[in-house]
1. So residue 206 ticks every box in (1) touching a helix residue (DSSP H, G or I) at 6+ places or on another chain (Cβ under 7 Å); (2) small (Gly, Ala, Ser); (3) open to solvent by 40 Å² or more (accessible area, probe 1.4 Å) but one. Which box is left unticked?
2. Where the second residue is of a type outside the set (Asp, Glu) and modelled with pLDDT under 75 and the first is closer than 14 Å to residue 206 by Cα and lies in region 257-282, which pairs have Cβ atoms under 7 Å and are six or more apart or on separate chains?
3. Examine region 81-103 for a residue that is open to solvent by 60 Å² or more (accessible area, probe 1.4 Å), assigned to a loop (DSSP other than H, G, I, E, B), touching a helix residue (DSSP H, G or I) at 6+ places or on another chain (Cβ under 6 Å) and not hydrophobic (A, V, I, L, M, F, W, C), and state whether such a residue exists.
4. Find the residue count for region 111-121, including only residues that are among the basic types (Lys, Arg) and either in contact with a strand residue (DSSP E or B) (Cβ under 9 Å, 6 or more places away or on another chain) or assigned to a helix (DSSP H, G or I) (or both).
5. Go through region 5-19 and report how many residues are at pLDDT 95 or above, under 20 Å from residue 240 (Cβ atoms) and surrounded by fewer than 23 Cβ atoms within 10 Å (Cβ to Cβ).
6. Counting just the residues of region 29-50 that are over 25 Å from residue 70 (Cβ atoms) and either of a type in the set (A, V, I, L, M, F, W, C) or free of Cβ contacts under 8 Å to residues at least 12 places away in the same chain (or both), which one comes out surrounded by the fewest Cβ atoms within 10 Å (Cβ to Cβ)?
7. Checking the conditions here, which among 251, 234 is under 19 Å from the mean Cα position of the chain (by Cα), at pLDDT 90 or above and exposed (fewer than 14 other Cβ atoms within 10 Å of the Cβ)?
Amino acid sequence: MNPIGACTWIWTAPFSDADAGLATHVAELGFDVLEVCVEDPSLVHAETLREAGEAARIAYSVCGAFGPDRDLAAEDPAPRQNALAYIRECVELAATVGAPHVCGPMYSAVGKPRGDDPRAEWRRSVDGLKRAGEHAAEHGVRLAVEPLNRYETDLVNTVEQGLQLCDDVGSDAVGLLLDTYHVNIEEKSPGEAFRLAGDRLFHVHACENDRGTPGTGHVDWAGVFAALADSGYRGQIVIESFTPAVQSIARAVSLWRPLDADGDALAAGGLRFLRTSLGSSA
């Protein structure tokens, strides 16, 4: 059975040491994994997280946040250097707390308008990911790169594009995170998209078509679960959603209304759906 997790954005942002108690909270809800979304690395200390995880007997995933000041594809070298330094910090955090990967759309800034030379952006992104992948491999951590929908990026929208990016980077430490929310928008067949990822699939985000509770909308869950079973995927599956109470995150993901009664209801409902569905597809 896949380890099932919940991300910290369901409850809070930016995550800090003061929120380390979420490890115990998600464990009490029945989860195996807490995905720590690192917006500001200075607020998160590995030893604090490690102690909280050991006490709660919870595993970790580490997710990055990529705004305009963290952009591997930028023409300006400053945001490229900042993005690379940030990814390295996240890798070192993941290695210390035992997380298998750092995930997110780390090839570029989210929401950035198309540049004048997309091919040059692609080359810069590949170069940055090569260096980030080397650092990740040295620490026994993998990078799970996330294709996003067309409203959030123009660089990598589909699994096919994600695989091309991985091929161009050429590192065994660089693979894909597939998020059912984005796959539902961009792919003709979500199941075939997950199947196409094959052994390059390092991580999965389970999100409904409205970013609410998994299992309550029209995502092709049956196709996704069948593809995961066929490919033998045994990695983490994490519910990613967002609280509208945190305005900075709500604006970033265009979340203008509550998705459920509260974060606990969303997490618990999604967990029940995933446990039942994965058990029946095993």
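1. Of everything listed in (1) touching a helix residue (DSSP H, G or I) at 6+ places or on another chain (Cβ under 7 Å); (2) small (Gly, Ala, Ser); (3) open to solvent by 40 Å² or more (accessible area, probe 1.4 Å), residue 206 misses just condition (3).
2. Pairs found: 266/259.
3. no
4. Our first condition is that a residue be among the basic types (Lys, Arg); within region 111-121, this holds for 112, 114, 119.
Filter once more, so that each one left must be either in contact with a strand residue (DSSP E or B) (Cβ under 9 Å, 6 or more places away or on another chain) or assigned to a helix (DSSP H, G or I) (or both): 119.
The qualifying residues number 1.
5. Residues meeting the conditions: 2.
6. Residues of region 29-50 that are over 25 Å from residue 70 (Cβ atoms), as a first pass: 29-32.
Among the residues that remain, those that are also either of a type in the set (A, V, I, L, M, F, W, C) or free of Cβ contacts under 8 Å to residues at least 12 places away in the same chain (or both) are: 29, 31.
Working: 29: 12, 31: 25.
Taking the candidates together, the pick is 29.
7. Working: 251 fails: at pLDDT 90 or above.
None of the other options fit; the residue is 234.
Each row is one residue, and each column tells you yes or no for (1) at pLDDT below 95; (2) open to solvent by less than 10 Å² (accessible area, probe 1.4 Å); (3) over 15 Å from residue 73 (Cβ atoms).
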residue	(1), (2), (3)
125	no, yes, no
136	no, yes, yes
142	no, no, yes
152	yes, no, no
163	no, no, yes
181	no, no, yes
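The values are calculated or read from the model by the stated rules, or taken from the named source; none is laboratory data. Being a predicted model, the structure only gives us computed values, none of them experimental. No Cβ is skipped: glycine too gets one built from the backbone with ideal geometry, and neighbour counts run over all protein chains shown. Surface areas here come from the heavy atoms of the whole protein model, side chains and all, with no ligands, DNA or RNA. Shrake-Rupley method; radii C 1.70, N 1.55, O 1.52, S 1.80 Å.
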